[in-house]
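Visitor: Can you read through this structure? Questions will come right after.
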Amino acid sequence: MSPPYSEACPSVKNILLLDSDGKRVAVKYFSDDWPTNAAKEAFERVVFTKTQKTNARTEAEIAMFENYIVVYKFVQDLHFFVTGGDDENELILATVLTAFFDSVGALLRGNVDKREALENLDLILLCIDEIVDGGIILETDPNVIAGKVASNSIDSNAPLSEQTLTQAFATAREHFTRSLLK
Amino acid sequence: MAQPLVKKDDDRDDEAEYSPFLGIEKGAVLQEARVFNDPQLDARRCSQVITKLLYLLNQGDTFTKIEATEVFFAVTKLFQSRDLGLRRMVYLIIKELSPSSDEVIIVTSSLMKDMNSKTDMYRANAIRVLCRITDGTLLTQIERYLKQAIVDKNPVVASAALVSGIHLLQTNPEIVKRWSNEVQEAVQSRAPLVQFHALALLHQIRQNDRLAVSKLVTSLMRGTVRSPLAQCLLIRYTSQVIWESGNNTQSGDRPFYDFLESCLRHKSEMVIFEAARAITELNGVTSRELTPAITVLQLFLSSSKPVLRFAAVRTLNKVAMKHPMAITNCNIDMESLISDQNRSIATLAITTLLKTGNESSVDRLMKQITNFMSDIADEFKIVVVEAIRSLCLKFPLKYRSLMNFLSNILREEGGFDYKKAIVDSIVILIRDIPDAKESGLLHLCEFIEDCEFTYLSTQILHFLGVEGPKTSDPSKYIRYIYNRVHLENATVRASAVSTLAKFGAAVDELKPRIFVLLRRCVFDSDDEVRDRATLYQNTLGGDGSVVETDKDVKDFLFGSFDVPLVNLETSLKNYEPSEEPFDINAVPRESSAPVELTEAETEYAVNVVKHIFDKHVVFQYNCTNTIPEQLLEDVIVIVDASEAEEFSEVFSKPLRSLPYDSPRQTFVAFEKPEGLATVGKFSNILKFIVKEVDPSTGEAEEDSVEDEYQLEDLDVVAADYILKVGVSNFRNAWESLGDDFERVDEYGLGPRESLAEAVNAVINLLGMQPCEGTEVVPPNSRSHTCLLSGVYIGNIKVLVRLSFGLDGPKDVAMKLAVRSEDESVSDAIHEIVGSG
């Protein structure tokens, strides 16, 4: 006989960020429950259609499908989901969702929509990477997560000489072009 | 990324559809990846290309082996850059590409350098990447650094090493176990998440050492746990320790309960909930222990956060199954949740109320549910229907309002699974509550008037045929049944014809009317419908031919079918049309599952299927030749029945040839005393002629050698003579068999692994059909009752009631009560158990 309930470490099965049509913005699966891309897409479709009509904009919402617990929250045209097993403590999953939702909000400086998310996809992917590692929760504080992701400066230990003139020039040109486009 | 990755199309004015990855193509991105090889690296550009690659992978695109290898090698060049942002992306893509072990070597030295870097971010990420892609041999090289990292003063580095340790423990346990000292030190860390990761790893390292886990738990309870996640872990480990220490509740307070209870006052909701859930799941929890946990869950029910409400109501729903009285205080909060926006919460609230409600609240509850049903999905409706079914069985006096509710929702829109759940529920209520029968049958009749599901129509027609004739006015059902013959597809029409025949056979005054109807069916366009109509006319004596005796007719129409359908199917397939009619008595009454007579992976693989007939037993040996260089001929099994005295061999059918890897059968038939469950032991030798085969041409040589091969012994046991036949209502069947031939005795089964294991062993020994799901033993039970049913050789019905109890820590005691239609059969069942 097995002990009364899961004695294992809390675990996250996937983190999904979909748009308002249910299409992928960024997803990360940590479990083998969905071995193929088709299985993953099918799961995303079910999760999306069964939650799309709910109002998950002020408080995180929760639902159960096919023996998975899914917590979710929407903003603009973005749908955030975190999935766990049906034995998982719902509030732990909700904490992970908050970590994801709030750190993305901080990284996109409050401008949270699909376009902004795609233009900063590198930040979103790094953000997921800092929250969960192979299903195990790595960090839950949104400020710490955003801080780790945003530290994109040049390595302070690198000698100045390695920043070539070309690189500096390229950066300057980029800034200039951007200001012209505005 | 400041710049769009793909140039915006000037003609596009549909701003909403804009995406930086619009029109992205794998081939083009792979071309772009050549910038990784530039002597002067442009870090920003490289980051953008990596993002594009990751985007493709994220969208489900895949790289071929060659493409992945090329990208991987190019990416390794990027370690030259000191750009932090680029390095982060490099780590990310290496993990996504999951390089093979011979490729890993290329990045090992770069990653090891990063592991020893002064930059914390490098160290943490290099550890995570390296541990993800490494294998055992490399791990011993970096072990020293990992041990250091575990106690690194930077929490991000320590967590990276600890989490990697948790993953590596699955593949390289012996190495990770050597890190215990460092991990133990990390458990004392002041950084909350380091403590969480260290605790998780330490527990996994020690989980098989109960004493060590118990010590770990005790010491942490006294110390400081800084992170709510670590506190949740501690609660999980504590309940494991409590569970393993067994039931000491009689002797006073449960060890560690106070700790769980104190966690109910923790400042983090996550911890409070974890503790409350742990208490409700304690083995044999008392109502005094439950109360504080229920109180905090009740508070959660009125929280503004849906997640909290869901978690609480889901836990209380589980509690309601075992301790419905414990949560009656929450009923008012539950009722207000019926209107919750979140339909999962509402459904859980309703089903909880249905479990805890009392008889007087049923009507009010049903009114609330009716409003609720219209706006939830089918999957939730099924849950509600099942809860209502059990409520009705609990309060049979309330059947009227519950049956009305079921018939109302049966008329509404819904998919197959939902409708089936309703029909199943009505059928169960009709069977178990006699007063509900007439109204229930009429509801079903109305449903089939407008039912789009063939399966449900035929199921209901069959059920009507059995139950309808026994009602006070069977004639009122005829109209509904005959309507089917006009309005439905062939399957339903055929089924309706059979149902009509049943009414004709069971109710004499209806017979003439049924004949008229059956005669009309003979002109149906479908073969099966016409055949059935003709058959039943003859059976009932409608066309003036010889009328079979009344008993024969009823046996034919209502009797149970005592030949397994799979056996009938096989026999029918093997029947070749000839003058000789198909003989249903030649279908084996029972066939065993194949019994292996050889070890796995031997030269010749043989298993046997035992076919049981009234006077005979036939062994079907399924033989496979696993040697490509051999052809076997004249294969036969020589059976020695000296330990099976009452059996005599009557026939054997050798196998002409047995080529490599194509299974074929040889048969041996024995005669045995008719109608008796004769048992015996048979030893078997496989005899054959071997010819060498040239594997290249597949041609066999002329020379041949006789050879034989010893097989395992084979037993024919009493269980082989029992047919697994279930009954729908065990209690009724048990009562109607009566106690004339009841035999009761008690047995000690000795120490057993668990109650469930003991129950399974007895079920397998008897080879009977478990009824009403009683083969499942709920976890933590101290006693269990299992109901079995079967048909013994000679077509004798047997029912068995097994009561198991734990006697001491492991010893299982069992009371066996048998009822059957024959004294000797009841005794035979006891003999099987006594000798088994």
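Visitor: Just need a number here: residues in the range B:261-286 that are touching a Leu at 6+ places or on another chain (Cβ under 7 Å) and open to solvent by less than 10 Å² (accessible area, probe 1.4 Å).
Guide: Kept after step one, since they are touching a Leu at 6+ places or on another chain (Cβ under 7 Å), are these residues of the range B:261-286: B:269-270, B:272-273, B:275-276, B:278-280.
Then keep just the ones that are open to solvent by less than 10 Å² (accessible area, probe 1.4 Å); that gives B:273, B:275-276, B:278-279.
Number satisfying all stated conditions: 5.
Results for (1) touching a Ser or Thr at 6+ places or on another chain (Cβ under 7 Å); (2) within 11 Å of chain A (Cβ to nearest Cβ); (3) polar (S, T, N, Q), shown as yes or no for each residue.
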site	(1), (2), (3)
B:Asn208	no, no, yes
B:Ala212	no, no, no
B:Val217	yes, no, no
B:Gly223	no, no, no
B:Pro228	yes, yes, no
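Visitor: Being at the interface with chain A (Cβ under 7 Å from one of its Cβ atoms) and touching a residue at least 12 places away in the same chain (Cβ under 8 Å) is the filter here, so list the residues in the range B:45-62 that pass it. Explain how you work it out, then say what you get.
Guide: Taking the range B:45-62 first, the residues at the interface with chain A (Cβ under 7 Å from one of its Cβ atoms) are B:47, B:51, B:54-55, B:58-60.
Passing the criteria: B:Ser47, B:Thr51, B:Leu54, B:Tyr55.
Visitor: Taking the range B:113-132 only, how many residues are of a type outside the set (Asp, Glu) and open to solvent by 20 Å² or more (accessible area, probe 1.4 Å)?
Guide: The qualifying residues number 8.
Visitor: Would you be able to say whether some residue in the range B:775-783 is open to solvent by 10 Å² or more (accessible area, probe 1.4 Å), under 19 Å from B:Tyr747 (Cα atoms) and among the acidic types (Asp, Glu)?
Guide: yes
Visitor: Here is a further query. Got a sec? Which of B:Ser110, B:Ser180, B:Ser98, B:Ser189 is more than 22 Å from A:Leu123 (Cβ to Cβ), crowded, with 21+ Cβ neighbours inside 10 Å and small (Gly, Ala, Ser)? If you could, list the steps in order and put the result at the bottom.
Guide: On the way: B:Ser110 fails: crowded, with 21+ Cβ neighbours inside 10 Å; B:Ser180 fails: crowded, with 21+ Cβ neighbours inside 10 Å; B:Ser98 fails: crowded, with 21+ Cβ neighbours inside 10 Å.
Only one candidate passes the filter, namely B:Ser189.
Visitor: Now for a separate question. Taking B:Arg236 as meeting all but one of (1) more than 19 Å from A:Asp87 (Cβ to Cβ); (2) open to solvent by less than 10 Å² (accessible area, probe 1.4 Å), write down the number of the exception.
Guide: Unmet for B:Arg236, out of (1) more than 19 Å from A:Asp87 (Cβ to Cβ); (2) open to solvent by less than 10 Å² (accessible area, probe 1.4 Å): (1).
Visitor: I'd like to verify a number: residues in the range B:778-798 that are free of Cβ contacts under 8 Å to residues at least 40 places away in the same chain and either within 11 Å of B:Ile763 (Cβ to Cβ) or part of a strand (DSSP E or B) (or both), how many?
Guide: 6
Visitor: Does the range A:35-55 include one or more residues that are closer than 22 Å to B:Cys232 by Cβ, free of Cβ contacts under 8 Å to residues at least 60 places away in the same chain, among the aliphatic types (A, V, I, L, M) and surrounded by 23 or more Cβ atoms within 10 Å (Cβ to Cβ)? Write out each step before concluding.
Guide: So in the range A:35-55, the residues closer than 22 Å to B:Cys232 by Cβ come out as none.
Among the residues of the range A:35-55, not one is closer than 22 Å to B:Cys232 by Cβ, free of Cβ contacts under 8 Å to residues at least 60 places away in the same chain, among the aliphatic types (A, V, I, L, M) and surrounded by 23 or more Cβ atoms within 10 Å (Cβ to Cβ), which makes the answer no.
Visitor: Which of the residues belonging to the range B:168-198 are modelled with pLDDT of 95 or more and either under 35 Å from the mean Cα position of the chain (by Cα) or in a loop (DSSP other than H, G, I, E, B) (or both)?
Guide: Selection gives B:Phe196, B:His197, B:Ala198.
Visitor: Being closer than 21 Å to B:Phe21 by Cβ, of a type in the set (Gly, Ala, Ser) and at the interface with another protein chain (Cβ under 8 Å from one of its Cβ atoms) narrows it down to one residue among A:Ala26, A:Ala94; which is it? Lay out the reasoning, then the answer.
Guide: Numbers: A:Ala94 fails: closer than 21 Å to B:Phe21 by Cβ.
Checking each option against the conditions leaves just A:Ala26.
Visitor: Hey, any hits in the range B:302-313 for a residue that's basic (Lys, Arg) and farther than 21 Å from B:Asn780 by Cα? Before the answer, list the steps.
Guide: Taking the range B:302-313 as the starting set, the residues that turn out to be basic (Lys, Arg) are B:305, B:309.
Subset that is farther than 21 Å from B:Asn780 by Cα: B:305, B:309.
Looking through the range B:302-313, at least one residue is basic (Lys, Arg) and farther than 21 Å from B:Asn780 by Cα.
Visitor: Now for a separate question. Select, from B:Glu674, B:Glu643, the only residue that is free of Cβ contacts under 8 Å to residues at least 60 places away in the same chain, closer than 28 Å to B:Met768 by Cβ and open to solvent by 80 Å² or more (accessible area, probe 1.4 Å). Reasoning before the result, please.
Guide: On the way: B:Glu674 fails: free of Cβ contacts under 8 Å to residues at least 60 places away in the same chain.
Answer to the selection: B:Glu643.
Visitor: Test B:Glu335 against the stated conditions and say whether it is at pLDDT 85 or above, open to solvent by less than 20 Å² (accessible area, probe 1.4 Å), acidic (Asp, Glu) and assigned to a helix (DSSP H, G or I).
Guide: Details: at pLDDT 85 or above: yes; open to solvent by less than 20 Å² (accessible area, probe 1.4 Å): no; acidic (Asp, Glu): yes; assigned to a helix (DSSP H, G or I): yes.
So B:Glu335 fails the test.
Visitor: Read through the list (1) touching a His at 6+ places or on another chain (Cβ under 7 Å); (2) at positive phi, then give the number of the only condition that B:Gly750 fails.
Guide: With (1) touching a His at 6+ places or on another chain (Cβ under 7 Å); (2) at positive phi applied to B:Gly750, the lone miss is (1).
Visitor: Out of the residues in the range A:56-72 that are among the aliphatic types (A, V, I, L, M) and part of a loop (DSSP other than H, G, I, E, B), which is most open to solvent (accessible area, probe 1.4 Å)? Spell out the reasoning first.
Guide: Looking only at the range A:56-72, we keep the residues that are among the aliphatic types (A, V, I, L, M), and these are A:56, A:60, A:62-64, A:69-71.
Now restrict to residues that are part of a loop (DSSP other than H, G, I, E, B): A:56, A:60.
Numbers: A:Ala56: 0, A:Ala60: 20 Å².
Among residues in the range A:56-72 that are among the aliphatic types (A, V, I, L, M) and part of a loop (DSSP other than H, G, I, E, B), the one most open to solvent (accessible area, probe 1.4 Å) is A:Ala60.
Visitor: OK, next. Which pairs turn up if I take residues in the range B:565-588 that are in a helix (DSSP H, G or I) and look for partners that are of a type outside the set (Gly, Ala, Ser) with beta carbon separation below 6 Å, at least 6 apart in sequence or on another chain?
Guide: B:Asn567/B:Val587; B:Asn567/B:Pro588; B:Leu568/B:Val587; B:Ser571/B:Val587
Visitor: Would you be able to say whether some residue in the range A:73-82 is more than 10 Å from chain B (Cβ to nearest Cβ), under 27 Å from B:Val313 (Cβ atoms) and surrounded by fewer than 19 Cβ atoms within 10 Å (Cβ to Cβ)?
Guide: Looking through the range A:73-82, at least one residue is more than 10 Å from chain B (Cβ to nearest Cβ), under 27 Å from B:Val313 (Cβ atoms) and surrounded by fewer than 19 Cβ atoms within 10 Å (Cβ to Cβ).
Visitor: While we're on this one: Please go through the range B:63-86 and give me each residue that is outside any helix (DSSP H, G or I) and facing chain A (nearest Cβ under 10 Å), ordered by number.
Guide: Selection gives B:Ser81, B:Arg82, B:Asp83.
Here is a yes/no grid of residues against (1) of a type in the set (A, V, I, L, M, F, W, C); (2) under 15 Å from the mean Cα position of the chain (by Cα); (3) modelled with pLDDT under 95:
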site: A:Val12; (1), (2), (3): yes, yes, no
site: A:Asp32; (1), (2), (3): no, no, yes
site: A:Phe43; (1), (2), (3): yes, no, no
site: A:Val46; (1), (2), (3): yes, no, yes
site: A:Lys50; (1), (2), (3): no, no, yes
site: A:Ile92; (1), (2), (3): yes, no, no
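Visitor: Let me ask something additional. Given the condition at pLDDT below 90, of a type in the set (Lys, Arg) and buried (at least 16 other Cβ atoms within 10 Å of the Cβ), answer yes or no: does some residue in the range B:751-760 qualify?
Guide: yes
Visitor: Pairs under 6 Å by beta carbon, first residue over 15 Å from B:Val485 (Cα atoms) in the range B:438-456, partner open to solvent by less than 40 Å² (accessible area, probe 1.4 Å) and small (Gly, Ala, Ser), six or more apart or different chains?
Guide: From the range B:438-456, the pairs are B:His443/B:Ser407.
The values are calculated or read from the model by the stated rules, or taken from the named source; none is laboratory data. Small disclaimer: the values here were computed from a predicted structure and weren't measured. Note that we place each Cβ from the backbone using ideal geometry, even for glycine, and neighbour counts take in every protein chain shown. Please note that ligands, DNA and RNA were not included when accessible areas were found on the heavy atoms of the full protein model with its side chains. Shrake-Rupley method; radii C 1.70, N 1.55, O 1.52, S 1.80 Å.
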